[in-house]
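Down below is the structure, laid out as structure tokens.
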Amino acid sequence: SQTIHQWPATLVQPVGSPLSLECTVEGTSNPNLYWYRQAAGRGLQLLFYSVGIGQISSEVPQNLSASRPQDRQFILSSKKLLLSDSGFYLCAFGLAGKISQETQYFGPGTRLLVL
Amino acid sequence: GQQVMQIPQYQHVQEGEDFTTYCNSSTTLSNIQWYKQRPGGHPVFLIQLVKSGEVKKQKRLTFQFGEAKKNSSLHITATQTTDVGTYFCAGIDYKLSFGAGTTVTVRA
């Protein structure tokens, strides 16, 4: 069966510091991968998705970036964090091949607080 | 672009009562999914509806997809404390777009 891991689970960072969040998937190959942000008490905002190694689509312009250096690894980064970057970051994967048809399986998330 | 709206944003329910949450899209959807997020947890897939007018049941939960494939509803009967959480609908035209969710609290 497939599993998805995210780390760290929680993170407190000062404004202006860099960020690197990692997500890995096990038990499958060539999954579609997603990064979402959820602000406190809010819905899910899709940030990036990837259909393959090195292929990144950005949904919202911002100071975040994503990379997929390996098939089952998805990284969310920032060079300089803003206060507004605080939130709950969720990685997800899908297996259907077609983004328009697949169920998404979410990781446990990373809670980021920028001070 | 596609927008998915959910109402109500908050639902406070007496244990044992029924309630319904609604999901509306600005565009016709190819299918719709529902997810549940427990407090402090991550979203978990509940169900997918594909056909116009489709109705699916999971125990006390009834999911419906509108005839025009632009809206959906989740009806929970005999609410229990285990139903606490946020329920998201996610509509699909070319990709998945999540609604803001309905956060459910239950008073015993």
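The values are calculated or read from the model by the stated rules, or taken from the named source; none is laboratory data. On a predicted model such as this, the values are computed, not experimentally measured, just so you know. With ideal geometry, Cβ positions are generated from the backbone for all residues, glycine too; neighbour counts draw on all protein chains shown.
Things to note:
- Count of region A:80-89 residues which are in contact (Cβ under 8 Å) with a residue 40 or more places away in the chain and surrounded by fewer than 16 Cβ atoms within 10 Å (Cβ to Cβ): 3
- Within region B:75-108, being of a type in the set (Ser, Thr, Tyr) and under 21 Å from B:Glu15 (Cβ atoms) holds for B:Thr77, B:Thr79, B:Thr81, B:Thr82, B:Thr86, B:Tyr87, B:Thr102, B:Thr103, B:Thr105.
- Of everything listed in (1) in contact with a strand residue (DSSP E or B) (Cβ under 7 Å, 6 or more places away or on another chain); (2) surrounded by fewer than 13 Cβ atoms within 10 Å (Cβ to Cβ); (3) of a type outside the set (Asp, Glu); (4) touching a residue at least 60 places away in the same chain (Cβ under 8 Å), the single unmet condition for B:Gln58 is (4).
- Any hit, region A:67-84, residues being of a type outside the set (D, E, K, R), at pLDDT below 95 and in contact with a Lys or Arg (Cβ under 9 Å, 6 or more places away or on another chain): no
- Strands (runs of 3 or more DSSP E) enclosed by region B:54-108 - at least 2 residues per element that are within 13 Å of another protein chain (Cβ to nearest Cβ) and either over 13 Å from the mean Cα position of the chain (by Cα) or within 16 Å of B:Tyr35 (Cα to Cα) (or both): B:85-92, B:96-98, B:102-107
- Extreme residue, nearest to the other protein chains (Cβ to nearest Cβ), among residues of region A:31-48 that are crowded, with 17+ Cβ neighbours inside 10 Å and hydrophobic (A, V, I, L, M, F, W, C): A:Leu44
- Filter pass, B:Thr82 being at pLDDT 95 or above and out of contact with any Asp or Glu (no Cβ under 6 Å at 6 or more places or on another chain): yes
- Flag if A:Ser77 is in a strand (DSSP E or B), buried (at least 19 other Cβ atoms within 10 Å of the Cβ) and not hydrophobic (A, V, I, L, M, F, W, C): no
- Only one of A:Pro31, A:Pro18 that is in contact (Cβ under 8 Å) with a residue 40 or more places away in the chain and either more than 23 Å from A:Gly94 (Cα to Cα) or among the small types (Gly, Ala, Ser) (or both): A:Pro18
- Residues that are among the hydroxyl-bearing types (Ser, Thr, Tyr) number at least 3 in the following strands (runs of 3 or more DSSP E) confined to region B:1-52: B:19-25.
- Scanning region B:10-37 for residues that are within 14 Å of chain A (Cβ to nearest Cβ), surrounded by fewer than 17 Cβ atoms within 10 Å (Cβ to Cβ) and closer than 17 Å to B:Gly91 by Cα yields B:Thr27, B:Thr28, B:Ser30.
- Residue in region A:49-61 that is nearest to B:Pro8 (Cα to Cα), counting only those that are surrounded by 15 or more Cβ atoms within 10 Å (Cβ to Cβ) and more than 12 Å from chain B (Cβ to nearest Cβ): A:Ser50
- Pairs with Cβ under 8 Å, 6+ apart, first in region B:6-21 and farther than 10 Å from B:Thr77 by Cβ and among the acidic types (Asp, Glu), second in a strand (DSSP E or B) and modelled with pLDDT of 95 or more: B:Glu15/B:Val106
- Any hit, region A:63-83, residues being within 14 Å of chain B (Cβ to nearest Cβ) and hydrophobic (A, V, I, L, M, F, W, C): no
- Of all residues in region A:33-56, those that are small (Gly, Ala, Ser) and either in a strand (DSSP E or B) or modelled with pLDDT of 95 or more (or both) total 2.
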